[in-house]
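Colleague: Quick one: this structure, given as structure tokens, is what I'll be asking you about.
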Amino acid sequence: MAKKPYQRSYIDILLPYKEVFTPSNAGAVSTVVSDLAYHTTLKYEFHIYGRQITSPSFPELCYHALKPKWPLIYGHNLGLAHSYITDLQRRERQPSLIEVHGRCQVARTIAKINNTAKVALFLHNDPRRMTGSKTLAERLWLARNLAGIFANSKYIKNCFLDGFSSTEISQTPIFITPLGANRNIKNKPFKEKTIIIASRIVPEKGILQAAIALRDILPDFPEWRVKIIGAKHFRDGTISDYEKSVKETLAPLQGQAEMAGFLPLAQINKELEKAAIAIVPSVWQEPASRAVLEALANGCALITTKRGGIPERAEGRALLVDYPDSPNFAVALNSLLSMPSKLKELHDIAWNDFPFDCATMARQTDLARENIIS
């Protein structure tokens with residue numbers, strides 16, 4: 001006889017509507033949620049809620065597809081929240097924790113309608129730019145009425161607390177729950193003369209600035225090649241004007257450059273395993289770049305920027321660019337391509353100093369969950 005759900009203590013996780021909770025097309029939030037669920041040591045059942053999907057969800061995880069209620073009135077995210085609340089009200093046993101990922105107005109809506117529930121908000125981006133938490137008053141409401149706030153970096157924690165008094169900070173149940181990335185290789189890999197950029201191809205990721213630098217530098221190093229992995233719309237979607245600009249910029253490199261489009265994470269890791277250099281050229285205040293962790297996990301020499309939460313993981317482990325423009329990326333690239341000893345040094349550091357595996361990071365999130373539940 002099949003086991004009924006919700007028979008023992010459980011935690012509900014609600015995804016943003018845009019997230020596709022499948023291994024082949026997962027966004028950043030879906031990847032983080034699956035990592036945390038796979039590596040949890042808590043004795044709770046986990047139930048994950050999101051949009052309807054057309055391919056199988058992550059294996060062995062309990063995913064529930066919901067149709068947004070009245071999306072023309074509420075919008076997709078709040079519509080999803082109201083559908084979840086309706087589902088919740090039918091149950092005999094309530095969750096020990098409701099964990100809302102990335103949507104402040106959704107966490108507020110659920111907490112207001114079901115004021116006996118313990119609702120936590122997991123922040124993946126700067127809340128000061130998100131509906132429901134842009135103002136100090138909105139963030140104070142969340143701090144006073146939610147059971148907890150999870151921030152994926154110190155940078156994001158400080159963004160949430162921006163404008164709080166010292167007393168308000170001390171009374172806010174906010175926890176740093178950093179991202180992780182697994183090292184799937186046992187031995188230090190042999191590196192080819194390949195440079196990888198694996199990212200969404202959008203302006204804030206700095207791909208065009210890096211492409212200009214590569215166009216200017218790589219002709220002097222004909223044995224090296226670059227592969228750019230990613231797209232604007234993940235697997236599905238038309239090519240954007242920005243992607244076309246990146247492709248046109250790289251065109252003079254001919255056989256030295258390739259744009260591979262969207263690839264699943266497992267394939268990206270195979271590419272990173274072979275690559276000598278990875279570039280994460282973010283020009284915006286990156287909350288807590290998983291791409292940084294994946295590059296280091298695969299032993300790449302990493303070039304990245306001093307933006308947002310990136311230095312929290314990359315400082316001392318990568319070549320950090322102070323101001324992310326094409327001339328500075330060109331200088332950083334040239335220093336690694338022309339100095340094999342510097343390249344080897346970064347390879348050694350990346351391989352020997354990687355404390356960011358998913359299990360270790362999941363323990364920190366589990367501690368925050370236990371703190372809230374208890």
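The values are calculated or read from the model by the stated rules, or taken from the named source; none is laboratory data. Quantities reported herein were computed from a predicted structural model and do not represent experimental measurements. When we count neighbours, we look across all protein chains shown, and the Cβ atoms used for this are built from the backbone with ideal geometry, even at glycine.
Colleague: Thr109 passes all but one of (1) without any contact (Cβ under 8 Å) to a residue 40 or more places away in the chain; (2) of a type in the set (Ser, Thr, Tyr); (3) out of contact with any helix residue (DSSP H, G or I) (no Cβ under 9 Å at 6 or more places or on another chain); which number fails?
Modeller: In the conditions (1) without any contact (Cβ under 8 Å) to a residue 40 or more places away in the chain; (2) of a type in the set (Ser, Thr, Tyr); (3) out of contact with any helix residue (DSSP H, G or I) (no Cβ under 9 Å at 6 or more places or on another chain), Thr109 misses (3) alone.
Colleague: Let me confirm something: among Pro16, Pro23, which residue is of a type outside the set (Phe, Trp, Tyr), at pLDDT below 95 and within 16 Å of the chain's Cα centre (by Cα)?
Modeller: Pro23
Colleague: In region 61-100, how many residues are under 26 Å from Ile372 (Cα atoms) and either in contact with a His (Cβ under 7 Å, 6 or more places away or on another chain) or among the acidic types (Asp, Glu) (or both)?
Modeller: Residues in region 61-100 being under 26 Å from Ile372 (Cα atoms) and either in contact with a His (Cβ under 7 Å, 6 or more places away or on another chain) or among the acidic types (Asp, Glu) (or both): 5 in total.
Colleague: Follow-up. Just wondering, is there one or more residues in region 87-95 that are without any contact (Cβ under 8 Å) to a residue 40 or more places away in the chain and either in contact with a helix residue (DSSP H, G or I) (Cβ under 6 Å, 6 or more places away or on another chain) or closer than 16 Å to Lys18 by Cβ (or both)?
Modeller: Looking for residues that are without any contact (Cβ under 8 Å) to a residue 40 or more places away in the chain and either in contact with a helix residue (DSSP H, G or I) (Cβ under 6 Å, 6 or more places away or on another chain) or closer than 16 Å to Lys18 by Cβ (or both), one finds none in region 87-95, hence no.
Colleague: Any idea how many residues of region 171-181 are assigned to a loop (DSSP other than H, G, I, E, B) and crowded, with 18+ Cβ neighbours inside 10 Å?
Modeller: 6
Colleague: I would also like to ask the following. Among the helices (runs of 4 or more DSSP H) contained in region 267-365, which hold 1 or more residues that are surrounded by fewer than 18 Cβ atoms within 10 Å (Cβ to Cβ), modelled with pLDDT of 95 or more and not hydrophobic (A, V, I, L, M, F, W, C)?
Modeller: Per the criteria, 310-314, 326-337, 340-352.
Colleague: Restricting to region 57-86, name every residue that is hydrophobic (A, V, I, L, M, F, W, C) and either in contact with a Ser or Thr (Cβ under 6 Å, 6 or more places away or on another chain) or under 12 Å from Pro16 (Cβ atoms) (or both).
Modeller: Across region 57-86, the qualifying residues are Phe58, Leu66, Leu78, Leu80, Ala81.
Colleague: Across region 115-133, which residue is farthest from the chain's Cα centre (by Cα) among those that are surrounded by fewer than 23 Cβ atoms within 10 Å (Cβ to Cβ) and closer than 16 Å to Ile373 by Cβ?
Modeller: Selected residue: Thr116.
Colleague: Determine if region 265-285 includes at least one residue that is of a type in the set (Lys, Arg) and under 30 Å from Thr54 (Cα atoms).
Modeller: yes
Colleague: Related question: Condition first: in a helix (DSSP H, G or I), at pLDDT 95 or above and β-branched (Val, Ile, Thr). Can you find one or more residues in region 53-70 that meet it?
Modeller: No, every residue in region 53-70 fails to be in a helix (DSSP H, G or I), at pLDDT 95 or above and β-branched (Val, Ile, Thr).
Colleague: While we're here: When you go through (1) under 24 Å from the mean Cα position of the chain (by Cα); (2) surrounded by 14 or more Cβ atoms within 10 Å (Cβ to Cβ); (3) closer than 20 Å to Ile310 by Cβ; (4) in contact (Cβ under 8 Å) with a residue 60 or more places away in the chain one by one for Ile185, which number turns out not to apply?
Modeller: Condition not satisfied by Ile185: (3).
Colleague: Also, I was wondering about something else. Only one of these conditions is not met by Lys134: (1) under 22 Å from Pro324 (Cβ atoms); (2) without any contact (Cβ under 8 Å) to a residue 24 or more places away in the chain. Which number is it?
Modeller: The single condition Lys134 does not satisfy is (1).
Yes/no per residue for (1) among the polar types (S, T, N, Q); (2) within 18 Å of Ile185 (Cα to Cα):
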position: Gln285; (1), (2): yes, no
position: Ala295; (1), (2): no, yes
position: Asn298; (1), (2): yes, yes
position: His347; (1), (2): no, yes
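Colleague: Hey, among the residues in region 75-90 that are among the small types (Gly, Ala, Ser) and assigned to a helix (DSSP H, G or I), which one's surrounded by the most Cβ atoms within 10 Å (Cβ to Cβ)?
Modeller: Ala81
Colleague: Taking the criterion of being more than 27 Å from Asn187 (Cβ to Cβ), assigned to a helix (DSSP H, G or I) and among the basic types (Lys, Arg), would at least one residue in region 240-261 satisfy it?
Modeller: Yes, some residue in region 240-261 is more than 27 Å from Asn187 (Cβ to Cβ), assigned to a helix (DSSP H, G or I) and among the basic types (Lys, Arg).
Colleague: Considering only region 185-203, I want to know if a residue exists there that is assigned to a strand (DSSP E or B), at pLDDT 95 or above and closer than 15 Å to Gly102 by Cα.
Modeller: No; the residues of region 185-203 include none that is assigned to a strand (DSSP E or B), at pLDDT 95 or above and closer than 15 Å to Gly102 by Cα.
Colleague: Tally the residues that are of a type in the set (Phe, Trp, Tyr) and touching a Pro at 6+ places or on another chain (Cβ under 8 Å), restricting the search to region 103-126.
Modeller: Final tally of qualifying residues: 0.
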